[in-house]
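**Student:** Quick one: this structure, given as structure tokens, is what I'll be asking you about.
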Amino acid sequence: MTRKHGFMVFAVWFVLAAAAIAAPPNKALIVDGQNGHDWKGTTPVLKKLIEETGLFSVDVATSPPKGQDMSGFKPDFAAYNVVVSNYQGDAWPEATQKALADYVKRGGGLVIYHFACAAFGEWKDYNDMIGIGWGKLRQDTGAYVRLRDGKFVRDNSPGKAGGHGPMQPFQIVVRDPNHPITKGLPPAFMQVPDELYGWLRGPAENLTVLATAFAPKDKGGSDEHEPVLFTVTYGKGRVFQNALGHTPEELKSVAFIVTFERGVEWAATGKVTQKVPVDFPTADKASVRP
């Protein structure tokens, strides 16, 4: 081997090694394409937030438009450590539904962002995966999750499934300070004016409430401490639901950013390595980033 050839081999090896070192250790997939909310505006922000952790490379799988042929929509969920749903729309093909359920059952991570909790009311496995959600098809099935005497219980009282009052600031109260997602966060912190989801209902099995927000009746709420951050164990898989973040503007909230990024990492790996940032909101003041 000549000196020149040897140098070229070393250079190629060095470039490949450097690329391998720089490559994020995990892969995330965002699913979108239909949603009653602005998925075209929020997906790029969600992608950026996940990537800025340095822990993930991120792909996006976009479904056909509403009413179009969905038969070819078959994301390869198994190729990823975590799937983030920003989807609410037409039913997926049966094979795609099964693929997602099998992926989570076998240990995959799933993150339900905001209005994705209103998807697929007729799909039993999805209801089991997300725990509680929004939509008429869930109205007569499942339960609310209510705080009673310091404990969370299933409440089968009749009523709607999903709702919210006008955009409003609200305080989030941590209910499980020992979970990796919420560990180290202050006991209470403010969210910017946002949709405060209430009356979510469903199977509510294997569900752990991480944080709630009180939804006052005089602001269109339920007068209950509503779960806004929670997890569900589904088979061997980890599911995290974050009800915050209505539009790209609300995604500037540090309360959303940090809980979302930590939730994605936990769903993918079962742990959280990210530190709580110095600009995290306090119990009486929200925080935003440009």
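The values are calculated or read from the model by the stated rules, or taken from the named source; none is laboratory data. Because the structure is a prediction, the values reported are computed rather than measured. Here Cβ is always computed from backbone atoms with ideal geometry, including for glycine, and neighbour counts include all displayed protein chains.
**Student:** How many residues are surrounded by 13 or more Cβ atoms within 10 Å (Cβ to Cβ), in contact with a Lys or Arg (Cβ under 8 Å, 6 or more places away or on another chain) and part of a loop (DSSP other than H, G, I, E, B) when one looks only at the stretch 161-181?
**Tutor:** Adding up the residues that qualify gives 6.
**Student:** Follow-up question, since we're still on this one. Inside the stretch 255-279, can you point out the residues that are assigned to a helix (DSSP H, G or I) and closer than 18 Å to residue 188 by Cα?
**Tutor:** 255, 256, 257, 258, 259, 260, 262, 263
**Student:** Tell me, which residue of the stretch 141-181 that is touching a residue at least 12 places away in the same chain (Cβ under 8 Å) and among the β-branched types (Val, Ile, Thr) is nearest to residue 246 (Cα to Cα)?
**Tutor:** Per the stated criteria, the residue is 172.
**Student:** Here is a follow-up. Filter the stretch 121-160 for residues that are among the aliphatic types (A, V, I, L, M) and modelled with pLDDT of 95 or more and give the result.
**Tutor:** Restricting attention to the stretch 121-160, the residues satisfying the condition of being among the aliphatic types (A, V, I, L, M) are 129-130, 132, 137, 143, 145, 147, 153.
Hits for the stretch 121-160 are 129, 130, 132, 143, 145, 147, 153.
Yes/no per residue for (1) modelled with pLDDT under 95; (2) farther than 27 Å from residue 148 by Cβ; (3) in contact with a Gly (Cβ under 6 Å, 6 or more places away or on another chain); (4) aromatic (Phe, Trp, Tyr):
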residue: 165; (1), (2), (3), (4): no, no, yes, no
residue: 174; (1), (2), (3), (4): no, no, no, no
residue: 197; (1), (2), (3), (4): no, no, no, yes
residue: 212; (1), (2), (3), (4): no, no, no, no
residue: 252; (1), (2), (3), (4): no, yes, no, no
residue: 258; (1), (2), (3), (4): no, yes, no, no
residue: 272; (1), (2), (3), (4): no, yes, no, no
